[in-house]
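Report on the structure given below.
The values are calculated or read from the model by the stated rules, or taken from the named source; none is laboratory data. Because the structure is predicted, anything quoted here is derived from the model rather than measured. Every residue, glycine among them, receives a Cβ derived from its backbone with ideal geometry; neighbour counts consider all protein chains shown.
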Amino acid sequence: MGNLFGYTSDKSKLQNEINEYIKNGDGDNIAFVQIDTLPEYKICLLKKDNKANDEEIFEKIKTIGTPYYKYYAVTEGAVEKLYVATKEEAENVIAGLKEKNSSNKDKLAYVEKYNTELAELTDTETAVSKLYEKPVVQVTRYASTGYANTSQTVNTGAKVNLGITLAKPVSGVITSRFGSRGRGTHTGLDIATNKGTAIKAAASGRVTYSGTKGTYGNLIIITHSNGVQTYYAHCDKLYATTGEQVSQGQTIATVGSTGNSTGPHLHLEIRVNGIAQNPQNYLY
Ligand SMILES: [Zn+2]
């Protein structure tokens, strides 16, 4: 015979309450409650002033029950990185990281957890920023166009004064510099970064070319003051249109690999009166 929990006047009402507690617990993230010994009932004949004490019985039941918490672990490879309350949140965390192109995006998954202790839970936004890893840019020497064979179109000598200030169109890794190569002269600077990265106008000016041009692929040419032009080649999308006036820092296109190119990068040229200058005299 077990211990006496107490007296109840309504067995089915009390048992329903207990069943409900076992099924759902009484707190956040409780999946179920395990109770090894369920109460038994015996009919008693008592004096009429003996009080039924359902509440006390219920409290005692709670002390012998073991709540199991249900939550979700977001995993990277085989490692549980952090925990969230619901499946939806776990899915949102992973979707958020995919959207941000986090470099661990293909290793992420989630698993359902049952435990007698609730893990520390992280909200979706915090989880995304904790797990985010900057995408890695592959540094490869991409084949590129923009080679000139005559010194007429290229200034490999001294820096000339542009009379305007330029700003970097993209951030990235320099994969090919301006200047002499075995087969000619590279007329621009190659900056590798992820496809789709915004390309910003180096200075204000008028777009004098926006379209496909041979080995340049999708090309934008902006004509600035003082005979200065900037070329943005191998673009994926072209946003600025021919004739459009653009301001410095305005997104004009996105990085791509069109034309004679084997990987996403920006081929940037700076020309003065048609003569290609070394972009690194001014930028990067
Ligand atoms: Zn190039």
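Here are the numbers for this structure:
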read-out	value
Of all residues in the range 218-238 being touching a residue at least 60 places away in the same chain (Cβ under 8 Å) and among the small types (Gly, Ala, Ser), the one that is nearest to residue 271 (Cα to Cα)	225
Selected residue (only one of 112, 120, 99, 88 is within 26 Å of residue 21 (Cβ to Cβ), out of contact with any strand residue (DSSP E or B) (no Cβ under 7 Å at 6 or more places or on another chain) and not small (Gly, Ala, Ser))	88
Candidate set: the range 199-214, residues that are in contact with a Phe, Trp or Tyr (Cβ under 9 Å, 6 or more places away or on another chain) and surrounded by fewer than 23 Cβ atoms within 10 Å (Cβ to Cβ); chosen: the one farthest from residue 103 (Cα to Cα)	209
From 262, 241, residue being within 16 Å of the ligand (Cβ to nearest atom) and surrounded by fewer than 16 Cβ atoms within 10 Å (Cβ to Cβ)	262
Long-range neighbours under 6 Å by Cβ, at least six apart or interchain, first residue part of a loop (DSSP other than H, G, I, E, B) within the range 259-273, second surrounded by fewer than 24 Cβ atoms within 10 Å (Cβ to Cβ) and among the charged types (D, E, K, R)	264/195
Filter result for the condition that a residue is under 30 Å from residue 131 (Cβ atoms), at pLDDT below 80 and either surrounded by 16 or more Cβ atoms within 10 Å (Cβ to Cβ) or not aliphatic (A, V, I, L, M) (or both), over 25, 77	25
Qualifying residues in the range 215-237 (those that are within 31 Å of the chain's Cα centre (by Cα) and buried (at least 22 other Cβ atoms within 10 Å of the Cβ)) - the one farthest from the ligand (Cβ to nearest atom)	220
From 215, 241, 208, residue being assigned to a helix (DSSP H, G or I), of a type in the set (S, T, N, Q) and either more than 21 Å from residue 172 (Cα to Cα) or not assigned by TED's automatic domain parsing to the domain that holds residue 171 (or both)	215
Cβ-Cβ under 9 Å pairs, at least 6 apart or on other chains, the range 239-253 side in contact (Cβ under 8 Å) with a residue 40 or more places away in the chain, far side surrounded by 12 or more Cβ atoms within 10 Å (Cβ to Cβ) and aromatic (Phe, Trp, Tyr)	250/239; 251/239; 252/232; 252/239; 253/232; 253/239
The range 140-191, residues that are of a type in the set (S, T, N, Q), more than 11 Å from the ligand (Cβ to nearest atom) and modelled with pLDDT under 75	140, 149, 150, 151, 152
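So that you can scan it fast, the table gives a plain yes or no per residue for (1) among the hydroxyl-bearing types (Ser, Thr, Tyr); (2) free of Cβ contacts under 8 Å to residues at least 24 places away in the same chain:
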residue	(1), (2)
85	no, no
88	no, yes
93	no, no
98	no, yes
103	yes, no
111	no, no
117	no, no
120	no, no
